[in-house]
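The values are calculated or read from the model by the stated rules, or taken from the named source; none is laboratory data. These numbers come from a predicted model, not from an experiment. Please note: Cβ atoms are built from the backbone with ideal geometry, for glycine as well, and neighbour counts cover all protein chains shown.
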Amino acid sequence: MEVRAFYWKGDHLLLLDQRKLPEEEIWIELRNHIQVAEAIKSMAVRGAPAIGCVAAYGYLLGIRSGGDPEEVRRTLEKTRPTAYNLFYALSRMERALKEGRDLEEEARSIEEEDYRANLRIGDFGNTLVPEEANVLTHCNTGALATAGWGTALGVIRSAHRSGKRVHVWVDETRPYLQGARLTSWELLKEGIPHTLITDSTAGFLMREGKVDLIVVGADRITARGDVANKIGTYTLSVLAKVHGVPFYVAAPSSTFDLSIRSGDEIPIEERDPEELKLCSGIPIAPRKTPAYHLAFDVTPAENVTAIITERGIIKPVTEENVRRCLS
Ligand code: MRU
């Protein structure tokens, strides 16, 4: 069975609670936009494209139950400020409402387009993967983070399915452990060879020549190609540069925010510091120790070898090439 993060059921959304994986596969029913917003904020669903799709259905539920469009949009928008797909999806839903189009159809299109984009990203990305490769990835960018297949993990999936011998180094991804809990789970299901590492192991593996390429996803990409992604991505990009390892970003066009040029303009989500002081619910720091919990960082375009989109590969990553690819 294909991994899915959510299903639209005509009058409600069925969501796989990702906070419980891999131990339990629990599906929750969401029947209004407040529940959808809460599920996004609390990480029951996460990954920018999946957040966008789910928010579109949340908007549909809110409008259907007679909610004020402004309030519905704001409630959903407030959840994860960095994930551009959220704003992309809500803008499309708002436009559909204003133009009197069928909102359910629009939400379905957003979902289907994301799935198709991922398959294309997989095909384009596969051309960059050697016949035999050790690939390092960060966070979870698979079927769980999208409408299906995945972006960076989709590239790995496509390479594996095409018969290439890929082995994946999986960064555990502190503090939510999306790598350890979710990426490993997806790779196991797909039968793709992989090994879990702590985030801080990546640099030394590169030094030892054990990483052939890195592929990660994105939460928001600016016009000049600066990339916001899970905290730790910037560190990986610097290490990749030092060690001459290709550093690829895989993302659909719906992740690009062409209204801003520089990564400095991207709003970076700061989460509850208390989340850093727990590991699977167990305290790992003194209660009184202050903590700083940034959910994302920004990798400058200069550190990115290429961006893989459903419209083609952007290389080198320059504003001119970004705009040309997306126009
Ligand atoms: O905090 P998360 O789990 O939502 O962060 C997810 C990521 O950083 C992903 O790399 C990104 O959203 C792309 S998912 C295809």
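Observations
- Selection from the stretch 291-321 of residues that are under 22 Å from Leu119 (Cβ atoms) and of a type outside the set (S, T, N, Q): Ala306, Ile307, Ile308, Glu310, Arg311, Gly312, Ile313, Ile314, Lys315
- Matching residues in the stretch 72-97 - criterion: being among the charged types (D, E, K, R) and touching a helix residue (DSSP H, G or I) at 6+ places or on another chain (Cβ under 9 Å): Arg73, Glu77, Lys78, Arg80, Arg92, Glu94, Arg95
- Residue among Leu60, Leu86, Leu97 that is at pLDDT 95 or above and either more than 21 Å from Ala5 (Cβ to Cβ) or β-branched (Val, Ile, Thr) (or both): Leu97
- Sole exception among (1) farther than 21 Å from His293 by Cα; (2) touching a residue at least 40 places away in the same chain (Cβ under 8 Å) for Ala228, by number: (1)
- Only residues that are closer than 28 Å to Thr127 by Cα and acidic (Asp, Glu) were counted in the stretch 263-321, giving 5.
- Considering residues of the stretch 249-301 that are aromatic (Phe, Trp, Tyr) and touching a residue at least 60 places away in the same chain (Cβ under 8 Å) only, the residue surrounded by the most Cβ atoms within 10 Å (Cβ to Cβ): Phe296
- Against the criterion of being at positive phi, surrounded by 14 or more Cβ atoms within 10 Å (Cβ to Cβ) and outside the structural domain of Gln178 (by TED's automatic domain parsing), Gly47 qualifies.
- Residues of the stretch 13-38 that turn out to be touching a residue at least 40 places away in the same chain (Cβ under 8 Å), touching a Leu at 6+ places or on another chain (Cβ under 8 Å) and surrounded by 16 or more Cβ atoms within 10 Å (Cβ to Cβ), as a count: 7
- The set of residues in the stretch 22-33 being assigned to a loop (DSSP other than H, G, I, E, B) and either modelled with pLDDT under 95 or more than 19 Å from the chain's Cα centre (by Cα) (or both) consists of Glu23, Glu24, Glu25, Ile26, Arg31, Asn32.
- Considering residues of the stretch 145-196 that are among the acidic types (Asp, Glu) and within 12 Å of the ligand (Cβ to nearest atom) only, the residue farthest from Gly52 (Cα to Cα): Asp171
- None of Val36, Val45, Val54 is within 16 Å of the ligand (Cβ to nearest atom) and in a loop (DSSP other than H, G, I, E, B) except Val45.
- Just one of the numbered conditions (1) of a type in the set (Val, Ile, Thr); (2) free of Cβ contacts under 8 Å to residues at least 40 places away in the same chain; (3) within 13 Å of the ligand (Cβ to nearest atom) is not true of Val72: (3).
- Candidates Arg174, Arg116, Arg157, filtered to the one that is among the basic types (Lys, Arg) and closer than 16 Å to Gly47 by Cα: Arg174
- Taking the criterion of being free of Cβ contacts under 8 Å to residues at least 12 places away in the same chain and either part of a loop (DSSP other than H, G, I, E, B) or buried (at least 24 other Cβ atoms within 10 Å of the Cβ) (or both), the residues of the stretch 93-149 that qualify are Glu99, Gly100, Arg101, Asp102.
- Filtered by the rule that a residue be under 21 Å from the mean Cα position of the chain (by Cα) and surrounded by fewer than 16 Cβ atoms within 10 Å (Cβ to Cβ), the stretch 316-327 gives a lone residue, Leu326.
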